[in-house]
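The values are calculated or read from the model by the stated rules, or taken from the named source; none is laboratory data. This structure is a prediction, so every number in the text was calculated from the model and none was measured. Neighbour counts are summed over all protein chains in view; Cβ atoms, including those assigned to glycine, are modelled from backbone coordinates with ideal geometry.
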């Protein structure tokens, strides 16, 4: 069985400070890792995924298979980053296909002015 | 595209009543997922479909829950009879299998069982 752990329910930082949202996972196969974000009164939306290796809205996340982690980072937080962030895992399918996501409990990020 | 559309947005009903939640996936997506979100358990997968066929319903909590996908553009999640502990936000998501595309979520249905 797979599991995703987000140890922080709430994280509060000041604007301009660095942000790191922690995510650890357990899965015996090859995982695909995602970060989803839910801004106030908006739907859950994909922020980034590890296979894309992109930086979205200044956020990056690197999959560390040795530490089974996929921490989300941003060097300088902005007030509009305040939201709920969910780390999620899915089995990797090389030839297409999909599976349900296993989510962490989420971290509420608050950026103080 | 309007994205994944769920209805109703809010539902309040008394225990024992039948509840039907609806979902319209993004056109062309061949996977559809139902999730439930509660304070205690977070977001959990209930069931998912591929090409209208249920693939994994191991997350469905009890026989009171059932889900159908009669065609590629519509799915329902039904609870009968409903109980107060079913109160939660229910999300529908869809995705396209080619290239392992990410899931797109609807706005959710906030269900309250009194």
- Which of the residues belonging to the stretch B:47-56 are buried (at least 21 other Cβ atoms within 10 Å of the Cβ) and within 16 Å of residue A:102 (Cβ to Cβ)? B:47, B:48
- Message: Conditions first: (1) more than 13 Å from chain A (Cβ to nearest Cβ); (2) surrounded by 14 or more Cβ atoms within 10 Å (Cβ to Cβ). Residue B:84 passes all but one, so which condition is the exception?
- Response: (2)
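Is it the case, given these coordinates, that residue A:71 is closer than 30 Å to residue B:30 by Cβ, in contact with a strand residue (DSSP E or B) (Cβ under 6 Å, 6 or more places away or on another chain) and surrounded by 13 or more Cβ atoms within 10 Å (Cβ to Cβ)?
It is false that residue A:71 is closer than 30 Å to residue B:30 by Cβ, in contact with a strand residue (DSSP E or B) (Cβ under 6 Å, 6 or more places away or on another chain) and surrounded by 13 or more Cβ atoms within 10 Å (Cβ to Cβ).
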- Message: Against the condition under 18 Å from residue B:103 (Cβ atoms), at the interface with chain B (Cβ under 10 Å from one of its Cβ atoms) and without any contact (Cβ under 8 Å) to a residue 60 or more places away in the chain, how does residue A:46 come out, does it pass?
- Response: yes
- Scanning the stretch A:26-51 for residues that are under 14 Å from residue A:64 (Cα atoms) and buried (at least 20 other Cβ atoms within 10 Å of the Cβ), which turns out farthest from the chain's Cα centre (by Cα)? A:31
- Task: Look at the stretch B:54-70 and say how many of its residues are modelled with pLDDT of 95 or more and under 16 Å from residue B:96 (Cβ atoms).
- Result: 1
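Residue-by-condition table, conditions (1) assigned to a loop (DSSP other than H, G, I, E, B); (2) within 27 Å of residue A:37 (Cβ to Cβ):
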{"residue": "B:58", "(1), (2)": "yes, no"}
{"residue": "B:68", "(1), (2)": "no, no"}
{"residue": "B:77", "(1), (2)": "no, yes"}
{"residue": "B:89", "(1), (2)": "no, yes"}
{"residue": "B:97", "(1), (2)": "yes, yes"}
{"residue": "B:111", "(1), (2)": "no, yes"}
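Looking only at residues in the stretch B:57-74 that are within 14 Å of chain A (Cβ to nearest Cβ) and crowded, with 18+ Cβ neighbours inside 10 Å, which one is nearest to residue B:9 (Cα to Cα)?
The extreme case among them is B:67.
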- Item | Test set (1) within 29 Å of residue B:29 (Cα to Cα); (2) within 14 Å of chain B (Cβ to nearest Cβ); (3) surrounded by 15 or more Cβ atoms within 10 Å (Cβ to Cβ) - residue A:54 fails condition number | (3)
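Report yes if residue A:77 is crowded, with 17+ Cβ neighbours inside 10 Å, assigned to a loop (DSSP other than H, G, I, E, B) and modelled with pLDDT of 90 or more, otherwise no.
yes
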- Every residue from the stretch A:1-25 that is outside any loop (DSSP other than H, G, I, E, B) and at pLDDT below 95: A:3
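Going by what's in this entry, would residue A:83 be described as surrounded by 16 or more Cβ atoms within 10 Å (Cβ to Cβ), more than 11 Å from chain B (Cβ to nearest Cβ) and modelled with pLDDT of 90 or more?
On the way: surrounded by 16 or more Cβ atoms within 10 Å (Cβ to Cβ): yes; more than 11 Å from chain B (Cβ to nearest Cβ): yes; modelled with pLDDT of 90 or more: yes.
Against the criterion (surrounded by 16 or more Cβ atoms within 10 Å (Cβ to Cβ), more than 11 Å from chain B (Cβ to nearest Cβ) and modelled with pLDDT of 90 or more), residue A:83 qualifies.
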- Quick one: residue B:51 ticks every box in (1) modelled with pLDDT under 95; (2) in contact with a strand residue (DSSP E or B) (Cβ under 8 Å, 6 or more places away or on another chain) except a single one, so which number is it? (2)
- Listed by range, strands (runs of 3 or more DSSP E) wholly within the stretch B:1-48 having at least 2 residues that are in contact (Cβ under 8 Å) with a residue 40 or more places away in the chain and more than 13 Å from every other protein chain (Cβ to nearest Cβ) are B:10-13, B:19-24
